[in-house]
1. Restricting to the range 205-240, what's the tally of residues that are over 23 Å from I45 (Cβ atoms), within 19 Å of the chain's Cα centre (by Cα) and not basic (K, R)?
2. Only one residue in T70, T65, T11 is touching a Leu at 6+ places or on another chain (Cβ under 8 Å), at pLDDT 90 or above and β-branched (V, I, T). Which one?
3. From T11, T70, grab the single residue that is under 30 Å from L225 (Cβ atoms) and touching a strand residue (DSSP E or B) at 6+ places or on another chain (Cβ under 6 Å).
4. Just to be sure I understand, how many residues within the range 63-90 are assigned to a helix (DSSP H, G or I) and either surrounded by fewer than 21 Cβ atoms within 10 Å (Cβ to Cβ) or without any contact (Cβ under 8 Å) to a residue 40 or more places away in the chain (or both)?
5. Looking at the range 208-229, which of the residues that are of a type in the set (D, E, K, R) and either touching an Asp or Glu at 6+ places or on another chain (Cβ under 7 Å) or part of a loop (DSSP other than H, G, I, E, B) (or both) is nearest to Y52 (Cα to Cα)?
6. Need at least 1 residues that are more than 19 Å from the chain's Cα centre (by Cα) per element, so show me which strands (runs of 3 or more DSSP E) inside the range 1-53 make the cut, counting only ones lying wholly within it.
7. So which residues in the range 24-46 are β-branched (V, I, T) and at pLDDT 95 or above, if there are any at all?
Amino acid sequence: MDINGTCISTTIDDHGPIYVYQTRTSRILSFDGKIYQSCMKLNNINRLHLSYTQAMMAGLFFIPTVKTATVMGLGAGSITKNLLNSFSELNVHAIEYREAVAKIAKEYFYLPDTDRLFLYIDNAVNYMKNSNLKSDIIFSDLYNSEGMEPKQVQASYLRDCKNALNNQGVLVLNICHTALKLREGLDKLLAIEFKNRLLSFEVEGGNTIVLAFKDDIPSLNKEELLTKGKWLQEEMNIPMERYAQLLADTQDL
């Protein structure tokens, strides 16, 4: 095992093992004992700790008022918890394929019991195909112990996500530890489904964050982007000014 810390829980379901580790300051979810799936700081359970999860919040730069969010891939609930804690009027719909993972999120990572959280045990493709919900933002972070879930690389899934967005809505995808062929396939599908309505940037650790817009990309200059970043940083307690600057530099704003 490459993750430092004490294993405090091991669960095995039909899809493999699920480990929970604890260090002096953190609690970690892993599917293989090597790669962090989620990480929670024990002294601040609602803060996003991993940089890629913070960077995924860049989709919020382009949404005036977020009222409904969908999280594809609950994991330990890091993104879900932060959204619920940051925006008191926000409803979050979280989809998790593995019921055992959802149970662990509640027991070990303090996923809240609130009427603003709607949790579904389903696979992402099936849920998206059958859902009538419209969201302002959809976070797609679908991974298993071997890397990016192939279900995320399907034209039908991406199209269903696009159709499930409100006008001016944005689909946010996290891409990492992905085979070249799978990544190239995803890039081609995104270009077809979202055409010239894509932004992307890289963050530390090798993750690429892709923002795919249902309609035209909202026009924000650098000053507006940094102002939104400052506001979100105060609301969410994560360094959103850094990602506003990174996005501005990447897009030459």
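1. Number satisfying all stated conditions: 8.
2. Just one listed residue meets the conditions, T70.
3. Being under 30 Å from L225 (Cβ atoms) and touching a strand residue (DSSP E or B) at 6+ places or on another chain (Cβ under 6 Å) holds for just one of T11, T70, which is T70.
4. Of the residues in the range 63-90, 6 are assigned to a helix (DSSP H, G or I) and either surrounded by fewer than 21 Cβ atoms within 10 Å (Cβ to Cβ) or without any contact (Cβ under 8 Å) to a residue 40 or more places away in the chain (or both).
5. It comes out as K214.
6. Passing ranges, in order: 6-13, 16-22, 26-30.
7. Let us first name the residues in the range 24-46 that are β-branched (V, I, T), namely 25, 28, 35, 45.
The answer is T25, I28, I45.
Every residue, every condition in (1) modelled with pLDDT under 85; (2) surrounded by 18 or more Cβ atoms within 10 Å (Cβ to Cβ); (3) at positive phi, yes or no:
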residue	(1), (2), (3)
L133	no, no, no
I138	no, yes, no
C161	no, yes, no
G169	no, yes, no
V172	no, yes, no
A179	yes, no, no
E184	yes, no, no
D187	no, no, no
K195	no, no, yes
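The values are calculated or read from the model by the stated rules, or taken from the named source; none is laboratory data. This is a predicted model, so every value here is computed, not measured. Glycine also receives a Cβ, built like all others from the backbone with ideal geometry; neighbour counts cover every protein chain displayed.
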